[in-house]
1. Answer yes or no as to whether B:L215 is assigned to a loop (DSSP other than H, G, I, E, B) and away from chain A (no Cβ under 14 Å).
2. In the set B:E91, B:E70, which member is surrounded by fewer than 20 Cβ atoms within 10 Å (Cβ to Cβ), charged (D, E, K, R) and more than 14 Å from every other protein chain (Cβ to nearest Cβ)?
3. Take A:E32 and tell me if it is open to solvent by 20 Å² or more (accessible area, probe 1.4 Å), assigned by TED's automatic domain parsing to the domain that holds A:D9 and more than 21 Å from A:Y252 (Cβ to Cβ).
4. Among the listed residues A:S116, A:S164, which satisfies the condition of being under 30 Å from A:G262 (Cα atoms) and among the polar types (S, T, N, Q)?
5. Give the number of residues within the stretch A:271-303 that are open to solvent by 30 Å² or more (accessible area, probe 1.4 Å) and in contact with a Leu (Cβ under 8 Å, 6 or more places away or on another chain).
6. Would you confirm whether or not the stretch B:31-52 contains a residue that is in a loop (DSSP other than H, G, I, E, B) and within 14 Å of another protein chain (Cβ to nearest Cβ)?
7. Pick out the one residue from A:E165, A:E134, A:E196, A:E187 that is among the charged types (D, E, K, R) and within 12 Å of chain B (Cβ to nearest Cβ).
8. Which residues, taken from the stretch B:202-245, are of a type in the set (K, R) and within 29 Å of the chain's Cα centre (by Cα)?
Amino acid sequence: MQREQMEFDVVIVGAGPAGLSTACRLMQQANEAGKELSICVVEKGAEVGAHILSGAIIEPRALNELFPNWEELGAPLSVPVTEDQIYFLRDSEKSIKVSNIMTPKSMHNHGNYIASVGNLCRWLAEQAENLGVEIFPGFAADRIVYGEDGRVAGISTGDMGLDSEGKPKANYMAGMDLLAKYTIFSEGCRGHLGKELIAKFDLDDGVDPQHYGLGIKELWEIPNELHQPGLVLHGTGWPLSDSASTGGFFLYHTDNNQIVVGLITDLNYSNPHVSPYDEFQRMKHHPLISKYLSGGKRISYGARAIAKGGLNSLPKMTMPGALLLGCDAGTLNFSKIKGTHTAMKSGILAADVLFPELISQGNGGLDLVQYKEVFKQSWLHDELFKSRNFGAALHKYGTLVGGALNVIEQNIVSFPFTLHDTAPDYACLKPADECKSINYPKPDGLLSFDKPSSVFLSNTYHEEDQPCHLKLKDGDVPLSNNLPVFNEPAQRYCPAGVYEVLDDGNGAKRFQINSQNCVHCKTCDIKDPAQNITWTVPEGAGGPSYPNM
Amino acid sequence: MKVLVAVKRVVDASVQVRVKADKTAVDLANVKMSMNPFCEIAVEEAIRLKESGIAEEVIVVSAGEDACQEQLRAGLALGADRAIHIQSDAELQPLAVAKLLHKVVDQENIGLVILGKQSIDGDNNQTGQMLAALAGMPQGTFASNVVIENGEAVVTREVDGGLQQIGLKLPAVVTTDLRLNEPRYASLPNIMKAKRKPVAQITAEELGVDVAPRLSTLEVNDPPARASGKRVGSVVELIDALKVEGVL
């Protein structure tokens, strides 16, 4: 069946920092040159910002370049960082405050802002629309459209109104092909179309496998007397150290008596008993954290995977007719634990390369390999180069030795070598019976909570009667392989309780997928040891609805 | 016949609302806002009337701050022909809204007004009835079916005991219940077209309506938390427990 088509100069998949920066920069240049461009942004969230989850401390460097007058334009960066504190948690009670000279400079946040990246994106979307960009929230890019010559020719939006069997309901609306001279893929970490492009065009040929973390975050409202706007805490160690896993926590005091607190668990953990969700819940009982949370109220919850492999894992970002940008490629600077300014910069650079191509009257579809050179000449490359060893050092030598190496490299001297981490995260799990099982404490309902009440606070909603968007390549693997060997880790790594192994009532087990709980974090697609789960987009507008996250 | 549909901007149904710390209201900062679901059903019904040739024009109207133009655009994207935005930054209570709508009904010579039976934020279920009274029009509330023929609207109403069918002389007011229809999705080209459809703006003052609130909110609180349940070992224990609670 021929689908309806629309043509644009540029189609952008995902209204996050990378995609919106590309859109804004392109339109700025077009308006300056008196040219007309048609730019369409599709966003699977019900509104811009609904699926955005980040710490976040924002370095304003890229924003300064894109909108030098952002303050005047009302960008939501209102809380400057006033104090950095870094801790090593020794156990559930004790912590050591690490003095500033002993910490990597990349962890110092003077001149940065505590902000909600969701709100930043809402603001960027307003700027983009004022510049003439068409933004369509609630429309998910479902498939890539290829041209006859194999180039990327655009995307196809998902059908709406299909029932769980995939049959049209009364309100069925077929998806559309959105065709473009160039398509920008900026879906965020582990985008399902980005993943397809990397495989199809061998974009990761010769680079290390991508590495990931799972960030789980909560927003709290705390008593005024405990609140210090601008205070930033980072740390590592317990509770992940109990299972020899790595990662780190953050706790930022933002405005309106609110704080954000979260834990990033590196997804190369080897113990399949690890539950990042429960690690985070028990972490909040540490006196260093609980002293801020006690007497407070949890407002929101969310989770998202992050791509943290950095320069060593960065795939080629161009292909015929398309660019792969921001966290979809993996431009996050892990040594700073910041990806917003780098994602934005990757978008600004893309616009600079795209604009001359778009006004040259060509049909598009080229592989804009010149992007690589522009990228190399930019500060984005400089800073990713400087931190290229950061993650690998932590993975190879652990928090202490690896951390010390990072202090030396970030503060004193750049090493003349590059460390590589070549084991993909999914391949790091050891069999369950070789690992220490972990007894997580029961949530107390004050500081720690169960998964269902957490997912409730993420405002997650999916149209109920629709096809399951979490696809198993082989439906038997969870019970035949993952369960006996790894005690099916999906039950624990999923921060939304999507995957369950249940008794079927006759003494046998069954694997259940509660896809309506999915917060679109993509961890299952990353961590499944058999690489048997494929995350695809559900019907547009489904998923979490994060306010201020 | 011109059909007027009133639409309201409300907090999205999927959002877990939270009372502000100062207990003055629900916190709406950066939460997702949508068209009230019952209003969506009203828009859908009006568009179906237009598609079947009964309505000549569908006008969507909303009263409130500038942001409610988003919901008017959503109505236009679904198929309404034009929109009227009654600008007011005041807290608009049902009586004020009904008076504003009454002015529009008079000005536009409307044949049928369709509203949601209630909005999911205030849950008042008053505006349609008040409008009917002010305009001196017959009303069919909680409609699960509407048939227009021979200058009459035959409305099937969802009432406590079942279904009630009534005939209304046009012009009339109809408020929608959940089962009236299932709203369509707005298509991407229609969303683009909606950006070019006209939205007229007028203020409450220009319409000469006093919108001052008649009710004041003293305090907003969360509903009391549900006490945790307890597990009993046997039916005997259960009966004892129910007796202690005074249920049996």
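1. yes
2. B:E91
3. It is true that A:E32 is open to solvent by 20 Å² or more (accessible area, probe 1.4 Å), assigned by TED's automatic domain parsing to the domain that holds A:D9 and more than 21 Å from A:Y252 (Cβ to Cβ).
4. A:S116
5. Qualifying residue count, the stretch A:271-303: 4.
6. Checked the stretch B:31-52: at least one residue is in a loop (DSSP other than H, G, I, E, B) and within 14 Å of another protein chain (Cβ to nearest Cβ).
7. That would be A:E134, the only listed residue that is among the charged types (D, E, K, R) and within 12 Å of chain B (Cβ to nearest Cβ).
8. B:R214
The values are calculated or read from the model by the stated rules, or taken from the named source; none is laboratory data. In this text the structure is predicted, and so the values were computed from the model without any measurement. Every residue, glycine among them, receives a Cβ derived from its backbone with ideal geometry; neighbour counts consider all protein chains shown. Calculation scope for accessible area: heavy atoms of the full protein, side chains included, ligands and nucleic acids excluded. Shrake-Rupley method; radii C 1.70, N 1.55, O 1.52, S 1.80 Å.
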